[in-house]
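Novice: I have a structure here, written as structure tokens, and I will follow up with some questions on it.
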Amino acid sequence: AQKVTQAQTEISVVEKEDVTLDCVYETRDTTYYLFWYKQPPSGELVFLIRRNSFDEQNEISGRYSWNFQKSTSSFNFTITASQVVDSAVYFCALSEGGSNQFYFGTGTSLTVIP
Amino acid sequence: ETGVTQSPTHLIKTRGQQVTLRCSSQSGHNTVSWYQQALGQGPQFIFQYYREEENGRGNFPPRFSGLQFPNYSSELNVNALELDDSALYLCASSASGSLRADTQYFGPGTRLTVL
């Protein structure tokens, strides 16, 4: 079974629109960690955020915000006022407590149209 | 601070050959993880090295092997290459191999094509 599901394969938005990328995870562990990474066309995965399972506070960093809801096993990512530079593939990842393995979703390809 | 570097950038091999990919970890990091990313997919965990020993392995056959050196750099070796091994191979480094999932920082990857 897939531990991390990103149901949105591709999303296109017009510049300055807000966009939310969905991530649903599955784990039986009570301690786990969630991550978001950005992969531009160059291929390098860029770290965006890390969240542990005991911290359900939402976080905002500039135009980026993350909504962590344990009740629905979701860790969604919102970009406000999108820009062309936001165009990339975004990956959600899970690491379970006691494991050093990251489980990645299949990614959401975001295209921001100028 | 130097980030994660990988070499080579691109590589073309034929089926049955062997390949070695190299990774230098970020300054201050002692743990290296390797991932395989097929086209259009998310990265798949191959294995992790901490203190020169394998510290966890994903669902990959034994022909995928690795090494970590005293300076924390690492190699990924793949024997008897198959067409399905064509992928982007990503190396990631982190600050420790503890059970707490430290953030992994990725290199630019090596694009391997097997013909």
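Novice: Within the stretch B:14-33, restricting attention to residues that are more than 19 Å from residue A:46 (Cα to Cα) and part of a strand (DSSP E or B), which residue is most open to solvent (accessible area, probe 1.4 Å)?
Specialist: Taking the candidates together, the pick is B:22.
Novice: What's the number of the condition residue A:91 fails, among (1) open to solvent by 40 Å² or more (accessible area, probe 1.4 Å); (2) within 26 Å of residue B:32 (Cβ to Cβ)?
Specialist: Unmet for residue A:91, out of (1) open to solvent by 40 Å² or more (accessible area, probe 1.4 Å); (2) within 26 Å of residue B:32 (Cβ to Cβ): (1).
Novice: While we're on this one: For residue A:58, only one of the following conditions fails: (1) free of Cβ contacts under 8 Å to residues at least 40 places away in the same chain; (2) open to solvent by less than 30 Å² (accessible area, probe 1.4 Å). What is its number?
Specialist: It fails just one condition, (2).
Novice: Next up: Do any strands (runs of 3 or more DSSP E) lying entirely in the stretch B:35-83 carry at least 1 residues that are open to solvent by less than 80 Å² (accessible area, probe 1.4 Å) and among the aromatic types (Phe, Trp, Tyr), and which ones are they? Reasoning before the result, please.
Specialist: Working: elements: B:44-50, B:53-57, B:64-68, B:74-78.
Here the list reads B:44-50, B:64-68.
Novice: Please pick out the residue among B:51, B:22, B:57, B:111 that is basic (Lys, Arg), in contact (Cβ under 8 Å) with a residue 40 or more places away in the chain and closer than 30 Å to residue A:54 by Cβ.
Specialist: Details: B:22 fails: closer than 30 Å to residue A:54 by Cβ; B:57 fails: in contact (Cβ under 8 Å) with a residue 40 or more places away in the chain; B:111 fails: closer than 30 Å to residue A:54 by Cβ.
Going through B:51, B:22, B:57, B:111 in turn, just one is basic (Lys, Arg), in contact (Cβ under 8 Å) with a residue 40 or more places away in the chain and closer than 30 Å to residue A:54 by Cβ: B:51.
Novice: Next question, about the same structure. Restricting attention to the stretch A:89-111, does a residue exist that is closer than 16 Å to residue A:7 by Cβ, touching an Asp or Glu at 6+ places or on another chain (Cβ under 9 Å) and more than 11 Å from chain B (Cβ to nearest Cβ)?
Specialist: Among the residues of the stretch A:89-111, at least one is closer than 16 Å to residue A:7 by Cβ, touching an Asp or Glu at 6+ places or on another chain (Cβ under 9 Å) and more than 11 Å from chain B (Cβ to nearest Cβ), which makes the answer yes.
Novice: Kindly indicate the residue of the stretch A:32-51 that is of a type in the set (Lys, Arg) and more than 7 Å from every other protein chain (Cβ to nearest Cβ) and also nearest to the chain's Cα centre (by Cα) among those meeting that condition.
Specialist: In the first step, residues of the stretch A:32-51 are kept if they are of a type in the set (Lys, Arg); the result is A:38, A:50-51.
With the extra rule that they be more than 7 Å from every other protein chain (Cβ to nearest Cβ), the set shrinks to A:38, A:51.
Working: A:38: 8, A:51: 11 Å.
Among them, the one singled out is A:38.
The values are calculated or read from the model by the stated rules, or taken from the named source; none is laboratory data. Quantities reported herein were computed from a predicted structural model and do not represent experimental measurements. Every residue, glycine among them, receives a Cβ derived from its backbone with ideal geometry; neighbour counts consider all protein chains shown. For accessibility, only protein heavy atoms count, side chains too; no ligands or nucleic acids. Shrake-Rupley method; radii C 1.70, N 1.55, O 1.52, S 1.80 Å.
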